[in-house]
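Asker: Have a look at this one.
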Amino acid sequence: MAMLWLQELGQSLRLQITWIRFDSNPNLIRWECLKDILLGDWTDGILCSIGMPIIRGSERYNCQVLCLNRKILMIRPKMWLANDGNYRELRWFTTWKQNDQLVDFQLPNDISEALLQKSVPFGYGYIQFLDTAVAAEICEELFTPSPPHAELALNGVEVFMNASGSHHQLRKLDLRLRAFIGATHTRGGVYMYSNHQGCDGGRLYYDGCCCIVINGDVVAQGSQFSLKDVEVLVAQIDLDAVASLRGSISSFQEQASCKSKVLSVEAPYKLCQSFTPQMSLSSPLKIRYHSPEEEIAFGPACWLWDYLRRSGASGFLLPLSGGADSSSVAAIVGCMCQLVVKEIANGDEQVKADAIRIGKYVDGQFPTDSKEFANRIFYTVFMGTENSSEATKSRAKVLADEIGSWHLDVCIDSIVSALLTLFQKLTGKWPRYKVDGGSDAENLGLQNIQARIRMVLAFMLASLMPWVHKKGGFYLVLGSSNVDEGLRGYLTKYDCSSADINPIGSISKQDLRTFLRWGATHLGYSSLAEIEAAPPTAELEPIRSNYNQLDEVDMGMTYEELSVYGRLRKIFRCGPVSMFQNLCYKWGGRLTPSEIADKVKHFFKYYSINRHKMTVLTPSYHAESYSPEDNRFDLRQFLYNSRWPYQFRKIDELVRKFGKEKFSGGGIGVVAAGSDDPKAGL
């Protein structure tokens with residue numbers, strides 16, 4: 001019986017080496033970092049897989065450096081790079097294409113002298129130890145149509161090490177787990193999966209959840225959301241179980257007998273221990289999943305904490321309207337404060353040190369209460385006008401009290417009036433709201449004035465309130481527009497949607513509403529239930545006995561419909577005609593082709609008119625597959641012909657052909673069905 005002791009080291013080293021790639025002399029610095037690791041005792045008796053970029057000749061490769069006992073055993077370059085969605089690896093690296101050879105890589109002189117090692121095998125292959133065989137499979141390679149682990153297993157590799165950088169997205173963890181469970185379920189093996197944990201310095205949060213799997217069973221699982229910099233996962237497994245499974249599968253034996261040979265590196269070391277009854281083995285675990293509501297709470301909360309502690313800011317400021325979106329952001333910040341206090345209570349000295357520095361604690365004090373901590377680092381401000389209701393003002397105040405934020409209440413009517421007076425002096429005109437007889441242009445202009453004043457005031461308060469309270473630093477302004485409003489363009493350019501960062505900018509309205517209901521109970525902010533029940537409204541127009549401004553009426557579509565349009569447009573790549581056709585399958589039982597055509601045209605009209613807003617969208621936590629943010633995720637152009645002349649004419653032809661009858665049900669196809677599926681596009 002061969003006993004293998006496995007340890008998954010956390011993510012910090014790999015992230016550090018990635019960050020310094022862009023320093024003035026990155027090639028020197030990354031080798032210096034590796035040298036420091038190897039000259040210490042980090043690799044004594046432990047096989048380590050360390051990620052770093054390596055230049056060979058004229059090419060730069062994304063590599064795993066496999067080290068043991070202060071020596072480099074092999075350098076494994078990545079063969080398949082992530083180059084879609086949020087990733088552009090081909091911008092920085094090239095793929096290793098010589099899969100049938102291991103070449104000799106000359107180490108830099110100072111590394112060679114320090115390690116007493118001149119060269120190392122470089123390429124695709126595995127390491128053959130005296131008692132087992134180990135190989136690296138790097139991140140994206142696991143998810144390719146023909147992953148390396150398939151032929152490596154046929155070549156006798158028993159242990160696979162995957163150092164990954166997989167970002168969090170709602171409902172995504174199961175997809176990831178199924179991948180490395182499937183890698184070992186039918187062909188046997190041990191899969192060690194490590195993942196970054198923390199903010200990548202941009203829109204992504206890497207959610208950890210390191211795992212160790214043997215023959216399809218998870219025997220160790222790390223946390224998915226954590227404030228820790230490093231997390232170590234340990235398992236003890238019996239490698240004979242791998243050989244036993246493989247020997248029992250006839251098709252595996254047959255395929256192994258005619259396999260394509262993969263080159264190997266001989267390593268004269270043993271990794272396994274002999275059988276002893278005193279050693280306990282790791283048993284299969286029940287996989288732990290967070291609900292989508294928990295993911296919305298913990299993922300953005302950890303992202304905000306990472307951003308706050310690394311940015312040099314002293315806290316956050318949020319324009320809190322009392323509506324669902326800004327209240328969701330406030331609750332997430334409150335959750336962040338709860339996590340910080342919890343980790344300090346659990347003895348995390350790094351979190352404690354960061355919290356003391358950010359919260360300006362002195363004389364040995366540190367956060368012990370989340371509300372007290374929030375009062376130090378979180379400002380909320382209700383910026384009301386004559387169009388604001390007492391209900392939203394009250395809801396904002398109650399929620400701020402529950403969270404503990406430093407809350408301000410300000411009326412901005414005098415600023416609005418001053419701008420309108422200036423406008424009248426320039427033009428001789430005084431615009432009116434539509435309910436008071438004004439035009440659409442006047443109505444929109446009056447709403448935008450209020451919205452943009454709030455943005456200016458928010459940034460002014462964020463920069464000056466620390467000074468008012470004799471604190472150093474500055475506050476980061478938080479945005480609170482959701483993914484559906486971004487898709488439709490239902491936001492004013494440079495209003496409160498323009499902020500420093502936005503933790504909910506890639507989360508749908510439907511998911512936010514379920515999060516609010518969950519948060520009312522599980523976060524202890526009971527007012528969230530009342531906020532969720534209130535109809536969404538911008539409160540930018542006057543309230544009359546016969547008129548209340550409502551978001552879905554303004555948009556001409558429901559938030560549920562917007563999610564459908566978003567998935568069809570982004571995930572399933574539908575233009576106007578194909579969207580119309582798929583929605584005929586989906587909605588044909590309740591709407592006529594003409595009614596569906598009107599909805600599709602209405603969406604694409606405003607989608608195209610407002611695409612320019614995506615170029616200045618506040619950097620948002622990425623959580624949804626149909627995010628319209630054009631920075632690096634949705635790379636479509638921002639200028640379209642809003643009349644869509646050919647496409648709309650084609651839709652009209654189809655409407656005339658089908659007539660006015662509704663369709664009776666049958667199958668609706670994978671695209672139309674997927675438009676309702678929150679997991680679509682993972």
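Taken together, the values in this text are just the output of simple stated rules run on the coordinates, not laboratory data. None of the values given here were measured: they were computed from a predicted structure. Glycine also receives a Cβ, built like all others from the backbone with ideal geometry; neighbour counts cover every protein chain displayed.
Asker: I'd like the trypsin sites (Lys or Arg not before Pro) in region 494-601 restricted to DSSP loop residues with at most 14 other Cβ atoms within 10 Å, sorted by number.
Answerer: Sites meeting the loop and neighbour criteria: R573, R590.
Asker: GluC sites (Glu not before Pro) within region 597-682: which are DSSP loop residues with at most 13 other Cβ atoms inside 10 Å?
Answerer: Answer in residue order: E661.
Asker: Can you give the FRET efficiency to the nearest 0.05 for A256 and D131, using r as the Cβ-Cβ distance and R₀ = 22 Å?
Answerer: 0.70
Asker: Something else: Based on the Cβ-Cβ distance of I249 and E32, what FRET efficiency does E = 1/(1 + (r/R0)^6) give at R0 = 56 Å, to the nearest 0.05?
Answerer: So the FRET efficiency works out to roughly 0.75.
Asker: Once you order the gyration tensor axes a ≥ b ≥ c over the Cα atoms, which shape class does region 8-274 get: rounded for a/c under 1.5, otherwise prolate or oblate by comparing a/b with b/c?
Answerer: It is rounded, given that a/c, with a ≥ b ≥ c, falls under 1.5.
Asker: Between helix 349-359 and the chain, what is the angle of the helix's C-alpha long axis to the longest principal axis, kept within 0 to 90° and rounded to the nearest 10?
Answerer: The answer is roughly 20 degrees.
Asker: Between R544 and F143, what is the FRET efficiency for a Förster distance of 60 Å, r being their Cβ-Cβ separation, to the nearest 0.05?
Answerer: Once rounded, the FRET efficiency stands at 0.65.
Asker: Between K679 and D598, what length in nm is gained on full extension when 0.36 nm per residue of separation is reduced by their alpha carbon distance? Don't skip to the answer; put the middle values down first.
Answerer: Working: separation 81, 0.36 × 81 = 29.16 nm, distance 2.75 nm.
So the chain would gain 26.4 nm between K679 and D598.
Asker: Using 0.36 nm per residue of separation minus the Cα-Cα distance, give me the extension gain between S417 and D104 in nm, one decimal.
Answerer: Stretched out fully, the S417 to D104 stretch lengthens by 105.2 nm.
Asker: Mind pulling the angle between the C-alpha long axis of helix 324-345 and the longest principal axis of the chain? Nearest 10 degrees, somewhere in 0 to 90.
Answerer: The angle comes out at about 40 degrees.
Asker: Based on the Kirkwood radius over alpha-carbon pairs, what value in µm²/s does the Stokes-Einstein equation return for the translational diffusion coefficient of region 151-198 at 37 °C and 0.692 mPa s?
Answerer: Estimated via Stokes-Einstein, D reaches 278 µm²/s.
Asker: Sticking to Cα atoms, compute the Rg of the chain to one decimal and its Dmax as the biggest Cα-Cα distance, whole number, in Å.
Answerer: Rg and Dmax of the chain, Cα atoms, are 28.5, 93 Å.
Asker: Percent relative contact order of the chain, based on C-alpha pairs within less than 8 angstrom and at least six residues apart?
Answerer: In percent, rounded to a whole number, it is 11.
Asker: I want the local charge near S527. Using Cβ-Cβ distances under 11 Å, sum +1 for each Lys or Arg and -1 for each Asp or Glu among the other residues.
Answerer: Local charge sum for S527: -2.
Asker: Could you tell me which of V616, A597, I651 has its Cα farthest along the dipole of region 552-682 towards the positive end, charges placed at Cβ (Lys, Arg +1; Asp, Glu -1), taken about the Cα centre?
Answerer: Farthest towards the positive pole: I651.
Asker: For region 288-321, which chymotrypsin sites (Phe, Trp or Tyr not before Pro) are in a loop by DSSP, counting at most 16 other Cβ atoms within 10 Å? Let's see the in-between values first.
Answerer: On the way: sites: Y289, F298, W303, W305, Y307, F316; in loops: Y289.
Those that pass, being in a loop and sparsely packed, are Y289.
Asker: Same structure again: I want to check the label-to-label distance for S280 and D229. Put each point 7 Å from Cα in the C-beta direction and report it in nm to one decimal.
Answerer: Output for this residue pair reads 3.1 nm.
Asker: Another question, if that's okay. Note the angle between two axes, namely the Cα long axis of helix 440-468 and the longest principal axis of the Cα atoms of the chain, as a number of degrees from 0 to 90, rounded to the nearest 10.
Answerer: 60
Asker: Along the charge dipole of region 8-274, pointing to its positive end and built from +1/-1 on Cβ of Lys, Arg, Asp and Glu, which listed residue (C33, Y191, Q101) has its Cα farthest out?
Answerer: Toward the positive end, the furthest listed residue is Q101.
Asker: For region 234-372, what class follows from the C-alpha gyration tensor (a ≥ b ≥ c being the square roots of its eigenvalues): rounded when a/c is under 1.5, otherwise prolate if a/b is larger than b/c, else oblate?
Answerer: Taking the square roots of the gyration eigenvalues as a ≥ b ≥ c, region 234-372 is prolate.
Asker: Related question: Can you pull the one-decimal nm distance between simple spin-label points at E349 and Q510, each 7 Å off the Cα toward Cβ?
Answerer: 4.8
Asker: Further question: Test of understanding: extend the Cα→C-beta vector of D84 to 7 Å, then name every residue of region 145-175 with backbone N under 15 Å from that spot.
Answerer: So the set is 145-146.
Asker: So for the pair K342, L263, with labels modelled 7 Å out along Cα→Cβ, what separation do we get in nm?
Answerer: 4.9
Asker: Then there is this: When the expected Rg is taken as 2.2 N^0.38 Å, what fraction or multiple of it is the alpha-carbon Rg of region 561-682? Before the final figure, lay out the partial values.
Answerer: Details: Rg = 15.0 Å, N = 122, 2.2 N^0.38 = 13.7 Å.
Relative to the 2.2 N^0.38 Å estimate, region 561-682 comes out at 1.10.
Asker: Sticking with this structure for a sec: Arranged by the count of other C-beta atoms within 10 angstrom, fewest first, what order do C67, C574 take?
Answerer: Values: C67 23, C574 20.
By the 10 Å Cβ count, ascending: C574, C67.
Asker: Right, another one. With +1 assigned to the C-beta of every Lys and Arg and -1 to the C-beta of every Asp and Glu, and no other charges, what is the dipole magnitude of the chain about the Cα centre in debye, to the nearest 20?
Answerer: So the dipole magnitude of the chain works out to roughly 1800 debye.
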